[in-house]
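Read through the structure below, which is laid out as structure tokens, and then see the notes.
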Amino acid sequence: MRSAECGMDRALVERDAQHRGSNLPVQFRIPHSALRILLVCATAACGSSDGPRVTVTVAPGATLDAAVDSLAANRVIDHPGLFRVYAKLRGLGGSLKSGVYLLRQDEAWSDVVGALERGRGVEQRFTVREGLRLGEIADIAQRGLRIPRDSFLDAAQDSALLAELGVPDEAASAEGYLFPTTYLLPQRIGAHELVRVMIHQFLEQWSPDWQARLDSLHFTRHQLVTLASIIESEVRYDPDRPFISAVYQNRLKRGMRLEADPTVSYAYGRRLKRVWEKNLAVRSAYNTYLHAGLPPGPISQPGRASLAAALYPADVPFLYFVAQTDGKHIFSATYAEHLAAIRRVKEMRRAARAPRRPGR
């Protein structure tokens, strides 16, 4: 149906052009400049269907101009000014649906408008929350998208795909680079294409000024993502992020071990409800109680807030922290202060477990 409609649009424009060159009377004339614009619009509305797929983010409340800028930046459209006119004529202006869309470069304008207005071609939502591990994403991809778990894991460890997408050479897998957000995806998406979409979204989230910040911190991108993933795994209270980042970076500068419980849990290959003393001896390069410095790679998928916290830690002297019962942390600059904070937290837990007296 789309190709037939496009053929009619183009035929009408060409028929008018033929009339302009003949002696037949016409009721109106179209200026040459306007005719060229109509030809461009008619051709672009038909578009192609074999370009590579890219992700385009439409933020909640985004204007048409913002959506057009994103489409142009990802080369989904080549003539943003003309597309804006076309989209408005199609009534798209105030009916954008937010989300992360999977579109082809040089896609037909009619298909792009249909996707953004009615979700046409976007069949399913796929949500990945911050802090999930690679294996956990494989599980939800199998449940929600019917992608076999092993297929997803194989794609996430495909060195050729990772290199093509610009994932650092040190990365053994896509762990840490599968950006957590809600995706709008077509039906029957494959494992490799899903990994490609999620890594592309990570790269889109990476701000240009972050690279210069990396140089001042003397971090590689892989090291930064690794640190951000640990921060993501520690935080339950958002304002704590830059302070936890400061603790770890202060420890790294002093040559202290990070002693991060989430890295011990990751070393076990499964979620531990609680890290006990006996767990701290697990033999793994990811165990930051045994090994100084950062682990070999990320331990989860950090969101933008944790990436920013890793890049911009709070300017504080803290070296320790302990979680309270409400998820907030107590930060300390000295070990003595840290021990006192631990005692306070234990008292809070005992008080929370103590039965209340009748009438109180």
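The values are calculated or read from the model by the stated rules, or taken from the named source; none is laboratory data. Owing to the predicted nature of the structure, the values given are computational and were not obtained by experimental measurement. For neighbour counting, all protein chains shown are included, and Cβ atoms are generated from backbone atoms with ideal geometry for every residue, glycine included. Ligands, DNA and RNA are excluded from the accessible area calculation, which covers all protein heavy atoms including side chains. Shrake-Rupley method; radii C 1.70, N 1.55, O 1.52, S 1.80 Å.
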TODO: Work the Kirkwood hydrodynamic radius out for region 164-316: mean of 1/r over every pair of different alpha-carbon atoms, inverted, in Å.
DONE: 16.2
TODO: Set the Förster radius R0 to 30 Å, insert the Cβ-Cβ distance between residue 292 and residue 271 as r into 1/(1 + (r/R0)^6), and round the FRET efficiency to 0.05.
DONE: 0.75
Open item on the list: So if I take the alpha carbon set of region 60-212, get Rg, then get Rh from the Kirkwood formula, what is the Rg over Rh ratio?
Closed with: 0.99
- [ ] Quote the FRET efficiency, to the nearest 0.05, computed for residue 285 versus residue 97 with a Förster distance R0 of 35 Å and r equal to the Cβ-Cβ distance.
- [x] 0.20
Open item on the list: Below 8 Å between Cα atoms, with a sequence gap of 6+, how large is the relative contact order for region 159-287 in percent?
Closed with: 16
Open item on the list: Defining a contact as two alpha carbons under 8 Å apart and six or more residues distant in sequence, what relative contact order in percent does region 207-360 show?
Closed with: 28
TODO: Take the eigenvalues of the Cα gyration tensor for region 245-324, scale each by 5, and report the square roots as semi-axes in whole Å, largest first.
DONE: 21, 15, 13
Task: Whole-percent carbon and sulfur share, accessible surface of region 213-360, 1.4 Å - done: 50
Task: Dipole of region 189-313, positive direction: furthest Cα of 190, 272, 303, with charges on the beta-carbon - done: 272
Open item on the list: When a/c reaches 1.5 or more, the comparison of a/b and b/c decides; with that in mind, is region 228-279 rounded, prolate or oblate per its Cα gyration tensor?
Closed with: oblate
- [ ] Would you mind getting the accessible area per residue of region 62-103, heavy atoms of the protein chains only, 1.4 Å probe, in Å²?
- [x] 46
Task: Average accessible surface area per residue within region 241-360, 1.4 Å rolling probe, Å² - done: 59
